[in-house]
Amino acid sequence: IHEVVNYSHVAVGSLALTGSALALWAPKGSPLHIRGGKLFAWMMLLVVLTTLVQMAFEFLALAVVMCLAEIYLIPSAILAFHRDWRGFKAVSWLLAILTGLLCLFTLVQLVRFNLGRDSLFLGPGLLALMFGFLLFQDISVLRRAEGRSGNYWVRRHLIRMILAFTFAIMALIRIGIQVGLTLEQTVIYPLLAAAVIILVICRRYPDQSPQT
């Protein structure tokens, strides 16, 4: 059973990376971009499922955080373009609670990892900062979703999909191909790369929503 789960995990993970490549390189909003994004989203949810099954054989705390992050990021990205759905606000509340819990957990991990250490362990702090940023955005949307510009929702969608891809890369280089990076480097390098891409996205899609 363990081998079947592992092979299934690799197969759906490979399909997810293929979908992400299509979505990243295709023109934004094109049919290929949408199909690639859907392939990435569905396959990553299957990756989460197979990862959780693998936890029965070997528990990895970082893998659990990655799974919960994907469970938050992908639905949150999809909701940006389904604001008229009647369950939008209820699901948005649930996702905001989840990212709040992830922010709290990573803050606790920041304290735990640094107790008695001579050098500062920054990985959990960067994760907490990222989840805090996402939580701030979620609270802002829950307070006022109406009247926001199209750019705002495009930017929200792209930020979350980029971070979902970032966590997939973290898992790949830490658990999959094992390129020899430390746990700290596994978290920091992908997050810093994602931060640069997010800054580019924010410049390309400035929020033009009327201020209230």
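The values are calculated or read from the model by the stated rules, or taken from the named source; none is laboratory data. Every value quoted in this text rests on a predicted model; they were computed, and no experiment measured them. Note: ideal-geometry Cβ built from the backbone for every residue, glycine included; neighbour counts use all protein chains shown. Heavy atoms of the whole protein, side chains included, go into the accessibility calculation; ligands, DNA and RNA do not. Shrake-Rupley method; radii C 1.70, N 1.55, O 1.52, S 1.80 Å.
More than 18 angstrom separation, counting every C-alpha pair in segment 50-117; what % is that? Write out the running numbers ahead of the final one.
On the way: 1190 of 2278 pairs.
Result: 52 percent of Cα pairs exceed 18 Å.
Helix-derived [θ] at 222 nm for the chain: sum -39500 (n - 2.57) over DSSP H runs of at least 4, divide by residue count, nearest 500? Please report the intermediate quantities before stating the final value.
Details: 7 runs with 159 residues, N = 212.
Per the formula, -26500 deg cm²/dmol.
Given 173, 46, 186, which one lies farthest toward the positive end of the charge dipole of the chain, if we put +1 on the Cβ of every Lys and Arg and -1 on the Cβ of every Asp and Glu?
So the residue furthest toward the plus end is 46.
For the chain, what is the charge dipole size about the Cα centre, in debye to the nearest 20, if Lys and Arg each add +1 at the Cβ and Asp and Glu each add -1 at the Cβ?
Numbers: 17 positive and 9 negative charges, 159 e Å.
That gives the chain a dipole magnitude of about 760 debye.
So how strong a dipole does segment 98-194 carry about its Cα centre when Lys and Arg Cβ are +1 and Asp and Glu Cβ are -1, to the nearest 20 debye?
Magnitude of the dipole: close to 280 debye.
Pairs of Cα atoms under 8 Å, at least six residues apart: use those to get the relative contact order of the chain, whole percent. Could you put the intermediate results ahead of the total?
Values: 205 pairs, mean separation 39.5, N = 212.
That works out to 19 percent.
If the elastic network links every pair of Cα atoms under 10 Å, which of 190, 75, 27 fluctuates the most in the Gaussian network model of the chain?
27
Any chance you could look up the accessible area of residue 18 with a 1.4 Å probe, heavy atoms only, rounded to 10 Å²?
70 Å²
Which whole-Hz couplings ³J(HN,Hα) result when phi for each residue of segment 183-190 is put into the Karplus expression 6.51 cos²θ - 1.76 cosθ + 1.60, θ = phi - 60°, listed in order with x for Gly and Pro?
Here the 3J(HN,Hα) series is 4, 4, 5, 4, 8, 5, 4, x Hz.
Considering the values (i) 48, 41, 31; (ii) 67, 38, 31; (iii) 71, 36, 26, which represents Cα extents along the principal axes in Å as calculated for the structure under consideration?
Derived directly from the coordinates: (i).
How would you order 122-131, 199-208 from highest to lowest mean count of nearby Cβ atoms within 10 Å?
Details: 122-131: 20.2, 199-208: 12.7.
Highest mean packing first, the order is 122-131, 199-208.
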